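Asker: Next up is a structure, given as structure tokens.
The values are calculated or read from the model by the stated rules, or taken from the named source; none is laboratory data. No experiment lies behind these values; they were computed from the predicted model shown. FYI the Cβ positions are ideal-geometry reconstructions off the backbone, even for glycines, and counts take in every protein chain you see. Ligands, DNA and RNA are stripped out before the accessible areas are found, and what is left, the full protein with its side chains, is counted by its heavy atoms. Shrake-Rupley method; radii C 1.70, N 1.55, O 1.52, S 1.80 Å.
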Amino acid sequence: DTGVSQNPRHKITKRGQNVTFRCDPISEHNRLYWYRQTLGQGPEFLTYFQNEAQLEKSRLLSDRFSAERPKGSFSTLEIQRTEQGDSAMYLCASSLARGTDVTGELFFGEGSRLTVL
Amino acid sequence: KNQVEQSPQSLIILEGKNCTLQCNYTVSPFSNLRWYKQDTGRGPVSLTIMTFSENTKSNGRYTATLDADTKQSSLHITASQLSDSASYICVVSARNNDMRFGAGTRLTVKP
């Protein structure tokens, strides 16, 4: 296992189309996070999973966004009816949360860059 | 409100020079602080992690400091190299799992 894997790395789509990103975390990690990052800004939290349970969603995650982690392993982030404002880098990160150490180190993937025309 | 502010927003230095990046936070109750390096178009990579009891931690030419009383951290880069050109992001975690990211400092090292 070489780390967190994301695909596709780049996606160009037309406004109104649906897109889906996939994230494969480090295999033993129980937590998986999605972030959005625009140019010159730090990552903004979207949502996270503990195993297959989605425990928190940001207000940034509008009803056009949905994330799943059906078997507690890989995760998908789908954006429906894309808008130009959705253009950003979508980062996935995973971590191993043990007991009271709920903020284990995040290991990030290389990101999926979305361009909406 | 839990926030993380980094300064400067951007910095240009000559190869071989030292520099210091700042991170101020209001995250509470504090759990840990991490510095990440993010190359353009890549995902962030962890440099250091510091908990409440740690004042200084080094990772090669990178040295992070933490003052939990004033809620400030710094990242000092010694003898900069061209490959240090990147964004450096400060991430502060609270004990309730709230994790806050700074906007980052964009460092450019010129030959």
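Asker: Being under 15 Å from residue A:94 (Cβ atoms), within 13 Å of another protein chain (Cβ to nearest Cβ) and not aromatic (Phe, Trp, Tyr) is true for just one of A:6, A:37. Which residue is that?
Answerer: A:6
Asker: Let me confirm something: among B:25, B:88, B:62, which residue is touching a strand residue (DSSP E or B) at 6+ places or on another chain (Cβ under 9 Å), under 30 Å from residue A:8 (Cβ atoms) and at pLDDT 95 or above?
Answerer: Of B:25, B:88, B:62, the one residue that is touching a strand residue (DSSP E or B) at 6+ places or on another chain (Cβ under 9 Å), under 30 Å from residue A:8 (Cβ atoms) and at pLDDT 95 or above is B:88.
Asker: Tally time: how many residues in the stretch A:12-39 are open to solvent by 60 Å² or more (accessible area, probe 1.4 Å) and either charged (D, E, K, R) or in a loop (DSSP other than H, G, I, E, B) (or both)?
Answerer: Total meeting the criteria: 8.
Asker: Could you list, in sequence order, the residues of the stretch A:47-62 that are within 12 Å of chain B (Cβ to nearest Cβ) and under 11 Å from the mean Cα position of the chain (by Cα)?
Answerer: A:48
Let's see how each residue does on (1) at pLDDT below 95; (2) open to solvent by less than 40 Å² (accessible area, probe 1.4 Å); (3) in contact with a Phe, Trp or Tyr (Cβ under 6 Å, 6 or more places away or on another chain):
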{"residue": "A:63", "(1), (2), (3)": "yes, no, no"}
{"residue": "A:81", "(1), (2), (3)": "no, no, no"}
{"residue": "A:90", "(1), (2), (3)": "no, yes, yes"}
{"residue": "A:98", "(1), (2), (3)": "yes, no, no"}
{"residue": "A:102", "(1), (2), (3)": "yes, yes, no"}
{"residue": "A:108", "(1), (2), (3)": "no, yes, no"}
{"residue": "A:112", "(1), (2), (3)": "no, yes, yes"}
{"residue": "A:115", "(1), (2), (3)": "no, no, no"}
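Asker: Restricting to strands (runs of 3 or more DSSP E) lying wholly in the stretch A:63-117: which have 1 or more residues that are more than 28 Å from residue B:94 (Cβ to Cβ) and either among the basic types (Lys, Arg) or more than 13 Å from every other protein chain (Cβ to nearest Cβ) (or both)?
Answerer: By residue number, A:75-79, A:112-116.
Asker: Which residues, taken from the stretch A:53-90, are within 17 Å of residue A:9 (Cβ to Cβ) and without any contact (Cβ under 8 Å) to a residue 60 or more places away in the chain?
Answerer: A:74, A:75, A:76, A:77, A:86, A:87, A:88, A:89
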